[in-house]
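Presented below is the structure to which this report refers.
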Amino acid sequence: MSLSDKLTYTDSTGSQSNLKETLDFNSYYEENAGRLIINPEEARIELGDGVASRLKLTKDGKKVLWPQPTDSPLDPQNWTEREKTIHLLILILVSIVPDFESGLGIAALFPLARQFNTNVNVINNVTSNWSIFLIGIGGIFAVMAMRKFGRLPVLFWTQLLGLAFLIGCTFAPNLSTFAAMRCLNSFFATTPQVTGLFVVTDLYPFHQQAKKINSWTLGFIISPFLSPFACGFLAARQSWRWVYATGCFYSLSVLILMALFMKETMYDRTLKPVPEPETKGLRNRVETLVGITGWKMAKYRAPWKRIVTDPVRIVWRPHVLPVLIFEAAIFGFGIGINVTNAVFLGEPLPLGYGFDAIIISALYATPIVAVLIGEVVGHFLNDWIMERGIRKNSGVHEAESRFWACYLGVPLFICGFLVIGASFQNHLPLAAIIMGWAIAEFSIMIMTVVVADLLYGEVSALVTLARILGGFAVAYYQVPWAAKYGAIQTYGVEAAIVSGLFLLFIPLIQLKGASFRKRYSL
C-alpha cells in the first residue's frame with residue numbers, strides 16, 4: 001500500500017476524507033525522517049497532485065525540500081548562503097573546543113607527571129580518562145537544555161563555563177584541583193559536539209546535509225590531534241601551564257565569534273502560528289544569546305518529562321542501539337589510539353620508542369592529514385551513495401543506504417589497526433606507524449560521518465555518549481595489555497571487535513531498517 005492510499009480515512013459520519021489535502025509537511029518530515037520523498041514525480045504518486053503541488057522544490061525543480069521552508073525570513077532555511085556559511089564555519093571552530101582541550105593533556109602528559117611527582121599512567125587514569133567520560137555525560141544534559149531553551153544560549157553559557165574551568169586547570173596548584181577542573185571543563189565544553197547536528201539540520205535542506213555534516217564532523221574528529229601536534233612543541237620548551245593557556249586563548253576567541261555572529265537556529269516550525277520575537281535589533285540579539293528569548297519560548301516546547309525520558313525511550317530501539325554500539329567501538333578505539341600513542345612513542349624500550357616531545361608532536365600531524373583526506377573523500381562519497389540510493393529507490397531516500405560506506409571503512413580500519421599493532425610490537429620504522437595511523441583515522445572519519453548522517457537531532461547526544469563510553473576506558477587497559485601480550489594482540493582484538501559488530505549489525509539494519517523504523521519509531 002502506498003502512502004497515498006494510507007492518507008484516506010473514514011470519519012464518524014461514515015464519509016471518506018482525504019488527509020492528503022491537509023497534510024502537515026512539518027509533522028510529516030519529523031515522522032518520516034528515515035524515508036523521505038526527494039523526487040517530485042514520486043511525491044505526486046505517493047501524496048497525490050494536491051499535496052505535491054504545494055511542495056516547495058529546489059531552484060532547478062529536481063528535488064523536494066525537507067524540511068519545507070516557511071514564508072518567514074526568520075526561518076533559518078531561508079537565510080542567505082553567506083549567513084549559513086558563517087554559522088557553519090563558527091560551528092566547526094567551536095566544535096573543535098571540547099576534544100582540543102581534552103587533548104591538551106596529551107601534549108602536557110610527561111610535564112604533568114613530573115610536576116605532580118607521579119607517572120603518566122596515573123595522569124591518564126585520574127585526569128584524561130574521567131574527563132573524556134564526562135564529555136559524553138555532559139552532552140546528554142546539553143541536548144535536554146537545547147530542546148527547551150534553544151541552541152545558542154546553551155552553547156554560549158556552557159562554553160563560558162568551560163573556559164572558566166580551563167583557566168582553573170591552567171593555575172591548578174595540585175593534582176586534585178587540576179583533575180577536578182579538567183573534569184568540569186569537559187562536562188560543559190562538550191556542548192558543540194551535540195549542537196552541530198541540530199544546527200546543520202536547522203540551516204540546510206536534507207539533500208545538502210550530508211556534505212555539511214561531513215564538514216562539521218571534520219572539526220571534532222580532527223580536534224583531539226590538533227592540541228598534541230601544536231602544543232607538544234610548546235610543552236617541550238615552556239611550562240605545561242602555557243599549554244593550557246593556549247587552550248584558553250582559543251576558547252575565548254571562538255566564544256567572541258559566537259557572541260558576535262551566531263544567531264538562534266532553532267525555529268519552532270510545527271507551531272501554528274510560529275511565535276514572533278517580542279524584541280528586535282541589538283536587544284533581541286542579546287536576549288537570544290543569554291537565554292531570555294529561549295526562556296519565553298520554553299512554554300511552547302516539549303515538557304521536561306518528555307525531554308528527560310526521550311533518551312531512554314529511544315536508545316533501546318533496534319534501528320538505534322546496534323548503530324550506537326558499532327560507533328562506540330569505531331570511535332572509542334580511535335580515542336584509545338590518540339590517548340595511548342603518546343605513551344607508546346614516549347616510553348623507553350622495550351615498550352616504546354623513547355622519542356622526545358618534538359618527534360611525538362610531529363607525528364600527531366599524521367591523523368590530521370588523514371582526517372583532511374577523509375573529509376575530501378567523504379564529501380563526495382557520501383553524497384554519491386545518497387544520490388545512487390535515491391535513484392535506485394524510485395526517488396525516495398532510505399536512511400540505511402548510507403551504510404554502504406562502511407563496506408569501505410571496515411577493511412581499512414582492520415588494516416590500519418594491524419599495522420599500528422605490528423609497528424609498536426616489532427618497533428618498525430616510523431613510516432609504518434604513520435601509514436597505519438593514517439589508514440585507521442581515515443576509516444574512522446568515513447564511518448563516523450555515516451552514523452552522524454543516520455542518527456541526527458536528539459539522538460546526537462546518544463551518539464556522543466556511545467563514542468565516549470567506547471573510548472574513555474581504553475587508556476586503562478591498552479598499555480598494560482600491550483606490555484604483557486604484545487601490541488599486535490591488543491590492536492588486533494580491537495579490529496576484530498569492530499569487524500564482528502559490523503557483520504552482526506550492519507547487513508541486518510540494511511535489510512530490516514525500514515521495518516524497524518516503521519514499527520519502533522517514536
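Picking from PRO73, PRO67, which residue would you name as being surrounded by fewer than 19 Cβ atoms within 10 Å (Cβ to Cβ) and at pLDDT below 90? Even if it seems obvious, please write down each step before you answer.
Numbers: PRO67 fails: surrounded by fewer than 19 Cβ atoms within 10 Å (Cβ to Cβ).
Residue meeting the stated conditions: PRO73.
Among helices (runs of 4 or more DSSP H) lying entirely in the stretch 25-73, which contain 2 or more residues that are touching a residue at least 40 places away in the same chain (Cβ under 8 Å)?
25-31, 40-47
Can you name every residue in the stretch 145-185 that is of a type in the set (A, V, I, L, M, F, W, C), under 22 Å from LYS296 (Cα atoms) and crowded, with 22+ Cβ neighbours inside 10 Å?
Within the stretch 145-185, MET146, PHE149, LEU152, VAL154, LEU155 qualify.
Can you list residue pairs whose Cβ atoms sit under 8 Å apart, with the first residue in the stretch 146-170 being in contact (Cβ under 8 Å) with a residue 60 or more places away in the chain and farther than 18 Å from LEU203 by Cα and the second being acidic (Asp, Glu) and open to solvent by less than 20 Å² (accessible area, probe 1.4 Å)? Count only pairs 6 or more apart in sequence or on different chains.
Here the result reads GLY162/GLU101; LEU166/GLU101, each pair linking the stretch 146-170 to a residue that is acidic (Asp, Glu) and open to solvent by less than 20 Å² (accessible area, probe 1.4 Å).
Quick test for you: out of GLY232, GLY219, pick the one residue that is open to solvent by less than 10 Å² (accessible area, probe 1.4 Å), closer than 30 Å to PRO173 by Cβ and either modelled with pLDDT under 90 or over 24 Å from the mean Cα position of the chain (by Cα) (or both).
One residue alone meets the criteria, GLY232.
Report, ordered by the first and then the second residue, all pairs with beta carbons closer than 8 Å, sequence separation of six or more or different chains, a first member in the stretch 107-129 that is closer than 16 Å to THR170 by Cβ, and a second member that is of a type in the set (Ser, Thr, Tyr) and part of a loop (DSSP other than H, G, I, E, B).
PRO111/SER239
Given the options ASN18, ASN39, name the one that is under 33 Å from the mean Cα position of the chain (by Cα) and either farther than 26 Å from ASP202 by Cβ or modelled with pLDDT of 85 or more (or both).
Just a single option satisfies the conditions, and that option is ASN39.
Residue by residue through the stretch 383-399, note down the ones that are part of a helix (DSSP H, G or I) and over 25 Å from the mean Cα position of the chain (by Cα).
Correct list: ARG391, LYS392.
Given the criterion modelled with pLDDT of 85 or more and buried (at least 17 other Cβ atoms within 10 Å of the Cβ), identify the matching residue among LEU3, LEU104, LEU57.
LEU104
Take residues that are open to solvent by 40 Å² or more (accessible area, probe 1.4 Å) and free of Cβ contacts under 8 Å to residues at least 12 places away in the same chain and tell me which of the helices (runs of 4 or more DSSP H) falling wholly in the stretch 293-382 contain 2 or more. Explain how you work it out, then say what you get.
Details: elements: 304-315, 321-346, 357-363.
Those helices (runs of 4 or more DSSP H) span 304-315.
I'd like the full set of residues that are in a loop (DSSP other than H, G, I, E, B) and buried (at least 16 other Cβ atoms within 10 Å of the Cβ), limited to the stretch 252-292.
Scanning the stretch 252-292 gives MET262, LYS263, GLU264, THR265, MET266, TYR267, ARG269, GLY291.
Hey, VAL94 hits all of (1) within 19 Å of the chain's Cα centre (by Cα); (2) surrounded by fewer than 18 Cβ atoms within 10 Å (Cβ to Cβ); (3) among the β-branched types (Val, Ile, Thr) but one; which does it fall short on?
(2)
Which of the residues belonging to the stretch 169-196 are in a helix (DSSP H, G or I), closer than 30 Å to ILE86 by Cα and β-branched (Val, Ile, Thr)?
Within the stretch 169-196, THR191, VAL194, THR195 qualify.
The values are calculated or read from the model by the stated rules, or taken from the named source; none is laboratory data. Because the structure is predicted, anything quoted here is derived from the model rather than measured. So basically every Cβ, Gly included, is an ideal-geometry build from the backbone, and we count neighbours across all protein chains shown. Quick note on the areas: whole protein, heavy atoms, side chains included, nothing else; ligands and nucleic acids left out. Shrake-Rupley method; radii C 1.70, N 1.55, O 1.52, S 1.80 Å.
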